Structure formats: C-alpha cells, structure tokens
Amino acid sequence: MTRTRLPSVDALRGLAIALMIAYHFCYDLSYFGFARFDFLNDPFWLHARTLILSLFLLVAGISLTLATHEGVRLKPYLRRLGIIAGCAALISVTSHFMFGPRWIFFGVLHFIAVASVVGLVFVRRPRLALLGGIAMIALDRLFSHAFFDQAGLQWLGLMTHKPPTEDYVPLIPWFGVVLLGIFLGNRLWLREATSALSRWQSRSPWTGLLTRAGRHSLLIYMLHQPLLLGLLWAVKQLR
C-alpha cells in the first residue's frame, strides 16, 4: 500500500514471519506426534504466541499509518483489504475440514481485515491511538463477562473463557496493540527527528533475508503451513 517500501518495517515484519514459522513448525511436530509440546498450558508457548502476534500487529499499525498518512488511496487499499478478507475466508473453510468444531472463525487475518478499517479513524490521531491502545489492553486484563461468551460476540473479546478454535485474535485486547503501532508509526517513522528509521538499509544477508520475507508476508503466511503439514505428513507416512 505504501508508495515506497521501508526496509526497516519490512525487516520487522520478516522477523515476525520467521518467529511464526518456527512456532508453527513446533506446533505441527506436536500435532503429528513427533514431539510433545503443551501449547495450551505451558507458559513458554503462551508467551511466545503473545510475543509473535504482538510484533505482527504492531507492524500492522505502523504500516497502516505509513500507507495512509497522506490520504487513503482507495483502489489499492480496497484491493489489499479484499485479498486479506478472501484469505481469511479461505482459512475458515479449510480449518473447518481440518479441525471440525475447532475451526478458525476469527483468526489473525480476520482480525487484520477489521483492524485495517477501524484503524483509519486513528491514523492521524496518535495521542488518541496511544490512550485507546492502553485502555483496550487494560480492559482485557480487568474485565470479562458471560454476555460476550455467546457465539455472535466472541470476536469482540472480553469472554470468560477462550473459545474452542485453532486461532483466536479478538478485537479486545489486540486492536489495542494495533493502536500502539499507529502511535509508534507517527512518532518514530514520520517525525523528521527520527527519520533514521525511514532511511535504514539492510547491511547483512540475514537482515536482507528478513526484509525480503517481510515484503511477501501474506504469501508466506498462506503457504508455510500447507508446506510444513505436507512435509511432516509425508515423513510420518514413510515412518
């Protein structure tokens, strides 16, 4: 969506992609019985997921800010939004066949599609984004109610328990992380005093690889799990 891609943002997104692939590979090892990892209760894996998702959504907020600070270019914006929404729908359908009742009804791509629309209200209001982000995260820590447990409201968050699904990224608290990314995008990338982040260039093969991965994050996100699952399935059949 940006006129000129910024390597610093792509590298951060690439880092999130690399961590996500490592996390999903371990998850798939456990799914096929090659290892025993408790992703539902072990604090290490719970914190790892929180870290990876937070990095993704911070970058999403930064990217939305950079892409729209001179105004929304409607055609590329709607095209990008349509691709994300279509991929989210595909994941829902696929997960229904793979996981049955644990299908993904509001995962990370569903969330990003919604956040990409609601976030437009905040991209030019960094102080409001900061306050809103802190408030949403605090609200999730302090409040929950059975009213939000009903199926039609689970995407909002504030439930008394996590619903049975393979990927769940509710609006609260995670939109708060996007809002913090919007604040950082305004304060660290758009301000002249800190424009070094905008001028940053990769100086090593590793950061260059992360930068290239960050430029194709959606494609990698959609393809990496089928490839990993297919590979491990083949290995299990051979064994």
When the convex hull of its Cα atoms is projected in every direction, mean area for the chain (nm²):
14.4
The chain - percent of accessible surface contributed by carbon and sulfur, probe 1.4 Å:
68
Pull out a ≥ b ≥ c, the square roots of the eigenvalues of the alpha-carbon gyration tensor of region 60-171, then state rounded if a/c is under 1.5, prolate if not and a/b is larger than b/c, and oblate in the remaining case.
oblate
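Just how large is the dipole of region 1-114 about the Cα centre, in debye to the nearest 20, putting +1 at every Lys and Arg Cβ and -1 at every Asp and Glu Cβ?
460
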Quick one: length gained pulling H69 to R127 fully straight, 0.36 nm per residue minus the C-alpha distance?
19.4 nm
Hey, can you find the accessible area per residue of the chain for me, probe 1.4 Å, expressed in square angstrom?
57
When a/c is below 1.5 the answer is rounded, else prolate if a/b is larger than b/c, else oblate, so apply that to region 105-239 with a ≥ b ≥ c taken from the square roots of the Cα gyration tensor eigenvalues.
oblate
Go through 159-167, 18-26, 62-70 and give me the packing order, highest mean Cβ count within 10 Å leading.
62-70, 18-26, 159-167
Which shape class, rounded, prolate or oblate, goes with region 1-135 when its Cα gyration tensor gives a ≥ b ≥ c as root eigenvalues, a/c under 1.5 marks rounded, and past that a/b bigger than b/c marks prolate?
prolate
Simple label model, 7 Å out from Cα along Cβ direction - A138 to R102, nm:
3.6
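The values are calculated or read from the model by the stated rules, or taken from the named source; none is laboratory data. Keep in mind it's a predicted model, so treat the numbers as computed, not measured. Don't worry about glycine lacking a Cβ; one is built from the backbone with ideal geometry, like all the others, and counts go over all protein chains shown. Keep in mind that these areas ignore ligands, DNA and RNA; they rest on the heavy atoms of the full protein, side chains included. Shrake-Rupley method; radii C 1.70, N 1.55, O 1.52, S 1.80 Å.
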